[in-house]
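One structure is given here, and the rest of the page talks about it.
The values are calculated or read from the model by the stated rules, or taken from the named source; none is laboratory data. Treat the numbers as computed from the prediction; the structure is a model and nothing was measured. Because the Cβ atoms are built from the backbone with ideal geometry, glycine has one as well, and the counts that use them run over all protein chains shown. For the accessible areas, the whole protein counts, side chains as well, though only heavy atoms, and no ligand, DNA or RNA atoms are used. Shrake-Rupley method; radii C 1.70, N 1.55, O 1.52, S 1.80 Å.
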Amino acid sequence: MVVNFQCTVLVFLVLVVVGKAEIYIVTIEGEPIVSYKGDLDGFEATAMESNEKIDPTSEIVTSYARHLESKHDMLLGMLFERGSFKKLYSYKHLINGFAVDITPEQAETLRHTPIVKSVERDWKVRKLTTHTPEFLGLPTGVWPTGGGFDRAGEDIVIGFVDSGIYPHHPSFATYNTEPFGPCLKYKGKCEVDPDTKKEFCNGKIVGAQHFAEAAKAAGAFNPAIHFESPLDGDGHGSHTAAIAAGNNGIPVRMHGYEFGKASGMAPRARIAVYKALYRIFGGFVADVVAAIDQAVHDGVDILSLSVGPNSPPATTKITYLNPFDATLLSAVKAGVFVAQAAGNGGPFPKTLVSYSPWIATVAAAIDDRRYKNHLTLGNGKILAGLGLSPATHFNRTYTLVAANDVLLDSSVSKYSPSDCQRPDVLNKRLVEGKVLLCGYSFSFVVGTASIKKVSQTARALGAAGFVLAVENISPGSKFDPVPVGIPGILITDVSKSMDLIDYYNTSTPRDWTGRVKSFDAVGSIGDGLMPLLYKSAPEVALFSARGPNIRDFSFQDADLLKPDILAPGSLIWAAWSPNGTDEPNYVGEGFAMISGTSMAAPHIAGISALVKQKHPNWSPAAIKSALMTTSTTMDRAGRPLKAQQFSETEAMKLVSATPFDYGSGHVNPRAALDPGLIFDAGYEDYLGFLCTTAGINVHEIHNHTNSPCNFTMGHPWNLNTPSITIAHLVGTKTVTRTVTNVAEEETYTITARMDPAIAIETSPPAMTLRSGSSRKFSVTLTARSLTGTYSFGEVLLKGSRGHKVRIPVVAMGYQR
């Protein structure tokens with residue numbers, strides 16, 4: 001074998017020509033640490049039994065890790081001249097391979113080398129960008145069962161692959177909490193801040209590392225703004241960490257107001273930081289895979305990923321087998337629960353960026369808190385809008401002045417003065433003591449203008465307040481309330497903006513040149529600081545990515561439901577980094593209220609920590625099952641969930657939500673702690689799913705998993721997930737599921753319902769399970785009529801002791 005390999009090298013070295021270097025992720029033959037069973041002489045097995053943690057400091061593990069890295073270095077050294085390549089990472093724990101900066105010609109050489117299994121060009125990832133503990137019932141329903149908020153999540157380690165952390169934030173401080181003891185099971189390291197020479201860790205934060213080799217090799221990394229340390233240069237990473245595991249009861253203060261108290265889902269969980277995302281450009285898969293590999297090596301219990309690919313990978317056609325998802329499969333094999341944001345491509349179908357059954361894919365909901373405000377005009381009209389601001393003085397009206405009418409010099413129109421971003425182009429004498437009217441231009445959509453800047457402009461000019469009027473809706477416009485320190489309101493309804501403009505124009509006399517003779521329009525701004533609580537919550541957020549799930553990048557529908565679950569992800573208050581610039585409205589602030597499935601995923605990461613704390617031996621699939629089967633498809637008023645959707649005019653409307661919007665439903669933490677039954681699955685089950693999925697080459701599965709297809713489950717829909725999806729139902733199909741009783745002995749009756757186009761039957765009608773025992777049941781689906789659309793339903797297992805276990809069913813009928 002060695003002779004053949006060397007011959008191959010000699011042939012290919014002749015073919016190498018110099019091209020532009022790019023980053024590639026390469027996997028080679030041989031098991032990674034997580035699955036090595038001791039097949040090589042001199043190296044003992046490192047693989048552990050299911051859900052057991054590997055000790056990364058043991059001599060057995062470190063010896064095998066050195067062996068793998070030396071193989072990587074030897075391969076590159078034999079193939080290429082020194083200086084013609086740069087190895088960025090060796091991946092040893094979850095996958096066996098490396099990231100390397102080479103030319104496309106060198107990549108081709110690697111592809112034709114016998115021990116190389118796959119060569120993928122690196123691609124970019126992006127970020128998928130309080131009150132929620134009360135909304136979810138944590139303080140009264142869940143935390144007490146774990147010993148109260150001061151014990152909720154105790155000693156569970158959540159790893160965050162994100163933009164770093166601002167360690168000095170009170171959400172992560174230890175000075176007002178009971179001291180944290182050592183976390184012996186976690187083996188991660190703590191980098192030192194190169195400027196202050198202080199560690200990033202404090203007991204609450206137990207690990208802090210950064211990964212930027214691919215970003216540097218691509219020329220995207222700038223140490224001045226990205227920070228060569230785990231310091232958060234963006235704000236996103238601090239925000240997600242605080243949502244999942246921030247300290248309890250932290251006052252949210254901005255502009256002299258307190259907007260309530262913020263808390264993480266699991267306030268005593270430990271935080272391990274793996275910075276691989278950066279402001280402006282996002283990140284690279286090679287860095288993210290290195291961060292995930294290190295996190296699992298270090299011993300995290302849970303991974304929170306508010307990150308997804310910008311686009312499909314260049315060579316992998318199967319969604320489940322890109323290097324990102326394959327790495328996460330090994331993480332789950334190692335017993336780590338993975339929560340990933342679904343993506344922000346909603347409300348359009350097939351926009352998910354999280355595909356695989358071993359991942360908990362999280363959609364975003366709007367919770368019950370909304371910030372509304374209003375503008376009262378001198379003609380008596382009241383215009384609704386958004387404005388997280390104080391009111392103008394009670395029982396008093398103020399003169400309204402439009403920015404275009406108070407220019408210092410008409411030649412400054414090149415600066416788009418109507419968006420009120422520059423106080424130096426407006427006449428302070430004409431604005432002082434009045435309400436400044438500004439226009440919401442496309443600059444606000446793309447982020448080059450901000451409401452914060454409007455507020456600063458108005459304050460600098462001595463204005464009594466400001467109004468931002470939306471005159472036309474740009475595609476992609478998303479209007480969120482922004483906290484400001486002076487009275488201010490955003491009028492988002494174009495017709496209401498027209499009412500304001502008409503009133504202003506008819507009340508503002510002008511001379512023949514168009515110059516204003518007198519400002520006679522008046523108005524007042526209401527108090528927008530107090531939120532209104534809506535019983536219609538939760539609703540699926542407009543931006544939240546939708547199913548159906550796809551099995552390949554030709555967008556073929558998968559026999560697997562995604563998203564998995566819905567969690568709060570809109571207008572979430574949490575910690576922010578003062579260095580953060582990606583949200584222009586929160587530059588320099590300590591807190592931010594932002595939206596995205598990025599915010600939903602850490603809610604599930606934190607809640608899963610509470611489940612893991614109560615059930616430390618549960619597998620990742622068991623935790624995911626508990627969250628899904630106990631979720632709700634009803635809002636607070638007891639009505640079926642609604643989803644935000646575009647109307648024909650591109651305005652927003654509410655429609656009936658389906659499992660493609662919310663998965664199994666909205667998370668219910670209290671019920672998840674005691675689910676009654678679980679649908680468990682492990683690594684072999686996921687292999688069986690891959691091996692029975694149409695279009696996947698057995699060789700490709702082996703390349704990514706080092707496992708042959710010895711096990712088949714007949715059809716991918718037979719994977720033991722807490723949902724059933726058949727994308728192409730011809731005639732009658734029977735699906736089998738296995739449930740395990742994690743409570744006391746209980747008898748369950750099994751019922752089902754489905755849209756009329758599909759007939760559904762279950763068997764047996766009832767079954768009794770002793771504690772710890774497992775039983776199978778079957779669900780038979782028959783296509784009655786061909787509608788060309790998906791039909792939705794559910795199977796309900798109702799227990800004699802009060803447990804309710806519900807799984808969604810999705811199918812589309814086809815002709816034989």
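Here are a few things to note about the model shown:
- Bins of 10 Å from zero: percent of alpha-carbon pairs in segment 22-121: 15, 46, 26, 12, 0
- Contour minus Cα-Cα distance for Leu408 and Thr749 (0.36 nm per residue): 115.1 nm
- With the simple model of a label 7 Å out from the Cα in the direction of the Cβ, Lys381 to His702 spans 7.3 nm.
- Between the listed residues Pro390, Leu542, Ala364, the Cα displaced farthest toward the positive end of the dipole of the chain, a dipole computed from Cβ unit charges relative to the Cα centre, is found at Pro390.
- The calculated FRET efficiency for Thr174 paired with Gln815, based on their beta-carbon distance and R0 = 51 Å, is about 0.20.
- Nitroxide proxy distance, nm - points 7 Å out along Cα→Cβ at Phe348 and Asp493: 2.9 nm
- Note on segment 638-775: the C-alpha convex hull projects to 12.7 nm² when averaged across all orientations.
- Dipole magnitude of segment 171-210, debye to nearest 20 (Cβ charges: Lys/Arg +1, Asp/Glu -1, about Cα centre): 180 debye
- Solvent exposure of segment 492-625 amounts to 33 Å² per residue of accessible area, where only protein heavy atoms count and the probe is 1.4 Å.
- Difference of contour (0.36 nm per residue) and Cα-Cα distance, Asp502 to Lys261: 82.6 nm
- FRET efficiency, 1/(1 + (r/R0)^6) with R0 22 Å, evaluated for Asp520 and Arg396 via beta carbons: 0.85
- Each of Lys642, Lys204, Lys189, Lys612 has its accessible area taken with a 1.4 Å probe; listed largest first, they run Lys189, Lys642, Lys612, Lys204.
- Isotropically averaged projected area of segment 720-813, using the convex hull of Cα atoms (one quarter of hull area), nm²: 5.4 nm²
- Lysine pair number, Cα distance threshold 18 Å (strictly under), segment 372-530, separation 8 or more or different chains: 13
- Extending 7 Å from the Cα toward the beta-carbon at both Ala759 and Thr712 defines two label points whose distance is 2.9 nm.
- Cα gyration tensor of segment 292-443 - equivalent ellipsoid semi-axes, whole Å, descending: 51, 20, 15
- For the peptides 227-233, 512-518, the ranking by packing is 227-233, 512-518, with the highest mean count of neighbouring Cβ atoms within 10 Å listed first.
- Accessible surface of the chain [probe 1.4 Å, protein heavy atoms]: carbon and sulfur percent: 53 percent
- Two-site FRET efficiency, Phe646 against Thr787, from Cβ-Cβ distance with R₀ of 22 Å, rounded to 0.05: 0.45
- Per residue, in Å², the accessible surface of segment 328-410 once ligands and nucleic acids are set aside, probe 1.4 Å: 32 Å²
- For the peptides 59-71, 21-33, the ranking by packing is 21-33, 59-71, with the highest mean count of neighbouring Cβ atoms within 10 Å listed first.
- Placing +1 on each Lys and Arg Cβ and -1 on each Asp and Glu Cβ, with no other charges, gives segment 256-396 a dipole about its Cα centre of roughly 600 debye.
- Adding -39500 (n - 2.57) for every DSSP H run of four residues or longer, then dividing by how many residues the chain holds, sets the calculated 222 nm ellipticity at -6000 deg cm²/dmol.
- In order along segment 349-365, phi translates into HN-Hα couplings of x, 6, 10, 5, 10, 10, 10, 8, x, 7, 9, 8, 8, 10, 8, 10, 10 Hz, rounded to whole numbers, per the Karplus curve 6.51 cos²θ - 1.76 cosθ + 1.60 with θ = phi - 60° and x for Gly and Pro.
- For the chain, with +1 on Lys and Arg beta carbons and -1 on Asp and Glu, the positive-most of Ala672, Gln456, Ser229 along the dipole: Gln456
- For the peptides 758-767, 614-623, 803-812, 286-295, residues were scored by their other Cβ atoms within 10 Å and the scores averaged per peptide; the highest-first order is 286-295, 803-812, 614-623, 758-767.
- Members of Lys124/Lys216; Lys204/Lys333; Lys87/Lys185; Lys71/Lys189; Lys317/Lys350; Lys86/Lys117 lying beyond 23 Å, as alpha-carbon distances in this model show: Lys204/Lys333; Lys87/Lys185; Lys71/Lys189
- Per residue, the solvent-accessible area of segment 22-121 (1.4 Å probe, heavy atoms of protein chains only, all protein chains present) comes to 44 Å².
- Expressed to the nearest 5 percent, the antiparallel share of DSSP beta bridges inside segment 372-530 is 50 percent.
- Plainly put, segment 280-373 has a radius of gyration that is 1.02 times its Kirkwood radius, both from alpha-carbon atoms, as the Rg/Rh ratio.
- Its Cα gyration tensor gives the chain an equivalent ellipsoid. The semi-axes, each the square root of 5 times an eigenvalue, are 47, 33, 26 Å from largest down.
- Cα-based equivalent ellipsoid of segment 372-530: semi-axis lengths in Å, sorted from largest, via gyration tensor: 21, 19, 16
- A Cβ-based charge dipole, computed about the Cα centre of segment 720-813 with Lys and Arg at +1 and Asp and Glu at -1, lands at about 60 debye.
- Computed over all pairs of different Cα atoms, the Kirkwood value for the hydrodynamic radius of segment 454-506 is 12.3 Å.
- Looking at the chain alone, DSSP beta bridges between its own residues are antiparallel in about 65 percent of cases.
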